[in-house]
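Remarks on the structure that follows.
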Amino acid sequence: MRMAKGRKEDDAVKTQPKKPVVQIALESQVEELNRSIEKLEASRNNYAFLYDFAPVGYFTFDRDGCICAVNQTGAALLGVECDDLIGQPFEHYIAYDDCFVFAGFIRKVFASPRKETCRLQLVKGDPQPLYVRIEALVAESGQECLAVLVDISEKKRSEQALSESEYNLAKAQEMTHVGSWSFDPKTEEVRASAELLQILRLRPEETTHEAFASVVHPEDHDNVMAHLRLGIDHGKSYEIEHRLLFDDGTLRWVYSTIEPSINSAGQVVKLYGTTQDITQRKQAEVELCNKTNELQAIFDSIGDGIVVYDHSGSIQHHNLISPQLFPTETLQGKTCRDVFHSSVPSLPLVCPVERALKGERVDTSLIVESEGQENRHLDITATPIKDGHGEKNRVLVFFRDVTEKRLQELHLIQTEKMSSVGVLATGIAHEINNPLTSVAGFAEALQRRFRDQPALKEDARLKDFPHYLEVIVRESYRCKGIIDPLLSFGRKSNGIAVKVDINMALGEVLELLRYQPGYQQVRVVSNLKPDLPRVLGDPSGLRQVFMNLLVNAYQAFDGPGFVEITTETTDNAMVAVTIRDNGRGMAKNIRERIWEPFFTTKEVGKGVGLGLALTYNTVKRCGGEIRLESQVGEGSKFTVLLPVWQG
């Protein structure tokens with residue numbers, strides 16, 4: 001049955017008419033065309049997809065700048081649906097300031113066969129501004145142009161940030177006088193900031209390694225190049241200060257810091273550096289150094305010891321005098337305890353430094369006892385020094401050695417006592433002088449009675465009276481001879497220069513000294529020239545001068561001695577009084593200070609150091625001069641020259 005059916009079908013095929021060849025060819029072409037259409041449609045769909053969802057916006061504009069076509073990305077850039085954009089002027093979506101830019105851009109596109117480009121800021125609801133770059137080319141029809149919009153907002157913001165950063169950097173460099181630069185060791189290319197070129201006084205076209213090196217001071221050139229080579233060859237960071245010398249002779253100081261950039265192979269690929277103009281700082285340093293040296297010189301020249309204590313009571317600074325007063329106690333780092341309370345850690349109520357640290361100014365005194373030496377008396381002044389915040393005080397302490405002043409005060413007290421005794425002695429002498437005159441007068445009267453009445457001598461009871469009366473008269477006049485020079489010496493001077501008999505003044509002084517105990521062992525030789533012309537001077541003052549010189553001569557001996565007094569005239573109308581002794585003599589350092597007030601080599605209580613100073617001043621007031629010749633062990637010679645009276 002199956003075989004019969006198969007044969008029937010084959011017979012049916014054989015009985016169908018055959019298609020023409022042309023028809024077959026056409027059907028084949030139709031099938032090929034359909035397949036091409038399918039591929040084209042698929043391709044169109046692909047391109048449409050790429051067009052709509054490309055990462056850039058595609059726009060078609062007419063000559064008026066209206067939107068003819070736009071893809072999805074372009075619509076998204078504007079924040080509007082595609083259908084709503086068709087026919088809309090593009091300038092509605094542009095920031096106001098850029099509308100004129102776009103209008104000019106459209107005219108330029110339609111007028112040029114080339115691709116044109118511009119940048120615009122778009123208006124969008126987003127607070128962040130949107131920047132795009134438009135590239136457009138006119139279509140073949142000439143009525144439309146095809147444009148591509150690229151979002152460059154991030155790039156624009158980066159450029160703005162970079163621009164602001166560069167501006168801020170330039171301003172910062174300008175304000176701080178710091179320039180930046182980089183150097184490529186292989187190409188020797190140098191990049192420099194504007195501030196650096198200004199510092200180096202170079203033009204932009206002079207940004208070369210050679211130009212930089214040419215302004216380095218010749219004395220600093222080798223050092224600068226050596227450091228640069230160190231950075232290039234070994235990748236070492238360094239800092240350096242050096243000078244610049246310009247053609248007009250101007251000298252500037254700069255400070256540079258250099259950092260190398262090293263690749264993975266350890267090679268230096270670039271040097272980065274900053275250079276700062278530090279001329280003003282250098283000048284300020286020099287001025288500060290000069291001022292510091294000046295203040296230090298003043299600090300050290302002060303005759304008092306000065307010590308600065310910090311807030312903890314430790315020594316920060318001291319001048320040159322302080323170690324002379326306290327050799328070990330005023331060393332750096334020592335505390336106030338070492339000077340003021342060595343046995344007690346703290347005495348806040350007594351220690352001047354601790355009191356001054358609390359803000360109190362302290363004036364006190366200190367007696368320094370040294371073994372084998374005389375005690376020293378110091379006046380202490382401690383003053384607080386407040387810091388800028390008023391929190392941590394320091395203390396400035398003055399140590400003034402007033403030992404000599406204390407001795408002078410004691411000497412002055414002794415002088416006052418002696419002056420009082422002298423006044424008292426003069427008064428007593430004056431009071432005694434009158435009774436002595438009476439005693440001598442009555443004794444002389446009795447002697448006259450014995451002479452006038454011889455019978456009295458025959459009285460056995462009165463036989464010794466003439467001898468007694470003679471002794472009374474003699475001793476009375478002897479006392480009067482002692483008292484008269486004392487009264488004359490103690491007479492107050494009126495300071496008026498008059499005629500003075502030098503020999504008489506010397507005689508009165510010698511008469512006074514002759515009766516002083518201990519002077520009897522000194523042999524005095526007087527060579528007083530007779531008929532000596534009178535001199536111009538103060539009688540009382542000159543007696544004091546000769547008294548001082550003779551007392552000084554008498555005190556130059558430890559035992560018996562010899563003093564020679566000579567008066568004579570000189571060729572230049574002067575009278576010379578020479579007092580020479582063979583005592584101990586004086587060394588050079590003593591001779592240089594012998595005329596200073598309060599200078600004395602005597603023990604306390606035996607002299608105040610005013611005698612020779614007053615002597616010098618008195619002679620000068622009389623228009624004369626006084627000279628000293630002395631050698632140790634050979635005695636001394638004082639020569640007083642006084643002008644002759646010309647009346």
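The values are calculated or read from the model by the stated rules, or taken from the named source; none is laboratory data. Just so you know, these numbers come straight off a predicted model, no measurement behind them. Backbone-built Cβ (ideal geometry, glycine too); neighbour counts: all protein chains shown.
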Every residue from segment 341-388 that is assigned to a helix (DSSP H, G or I) and not charged (D, E, K, R)
Pro352, Val353, Ala356, Leu357
Evaluation of Tyr238 against (1) surrounded by 11 or more Cβ atoms within 10 Å (Cβ to Cβ); (2) within 30 Å of Phe399 (Cβ to Cβ); (3) not aliphatic (A, V, I, L, M) (one fails), failing number
(2)
Might you let me know whether segment 389-401 holds any residue that is surrounded by 14 or more Cβ atoms within 10 Å (Cβ to Cβ), out of contact with any Leu (no Cβ under 8 Å at 6 or more places or on another chain) and either over 21 Å from Ile298 (Cβ atoms) or among the acidic types (Asp, Glu) (or both)?
no
Where in segment 141-213 are the strands (runs of 3 or more DSSP E), entirely inside, with at least 1 residues that are over 30 Å from Lys115 (Cα atoms)?
178-183, 190-192
Answer yes or no: is there a residue in segment 350-368 that is without any contact (Cβ under 8 Å) to a residue 12 or more places away in the chain, of a type outside the set (S, T, N, Q), out of contact with any Asp or Glu (no Cβ under 7 Å at 6 or more places or on another chain) and surrounded by 13 or more Cβ atoms within 10 Å (Cβ to Cβ).
yes
Looking at (1) surrounded by fewer than 17 Cβ atoms within 10 Å (Cβ to Cβ); (2) within 13 Å of Phe59 (Cβ to Cβ), which is the one condition that is false for Arg157?
(2)
Restricted to segment 552-591 and to residues being under 12 Å from Phe638 (Cβ atoms) and assigned to a helix (DSSP H, G or I), the residue modelled with the lowest pLDDT is Arg591
Within segment 624-639, the count of residues that are assigned to a strand (DSSP E or B), of a type outside the set (Gly, Ala, Ser) and either touching a Phe, Trp or Tyr at 6+ places or on another chain (Cβ under 8 Å) or without any contact (Cβ under 8 Å) to a residue 60 or more places away in the chain (or both) comes to 7
Any idea which of Ala265, Ala297 is farther than 30 Å from Asn319 by Cβ and free of Cβ contacts under 8 Å to residues at least 24 places away in the same chain?
Ala265
Residues located in segment 217-256, provided they are of a type in the set (A, V, I, L, M) and under 20 Å from Gln283 (Cβ atoms)
Ile240, Leu244, Leu245, Leu251, Val254
Cβ-Cβ distance below 8 Å, separation of 6 or more or different chains: which pairs start in segment 161-187 with a residue that is outside the structural domain of His209 (by TED's automatic domain parsing) and end on one that is assigned to a helix (DSSP H, G or I)?
none
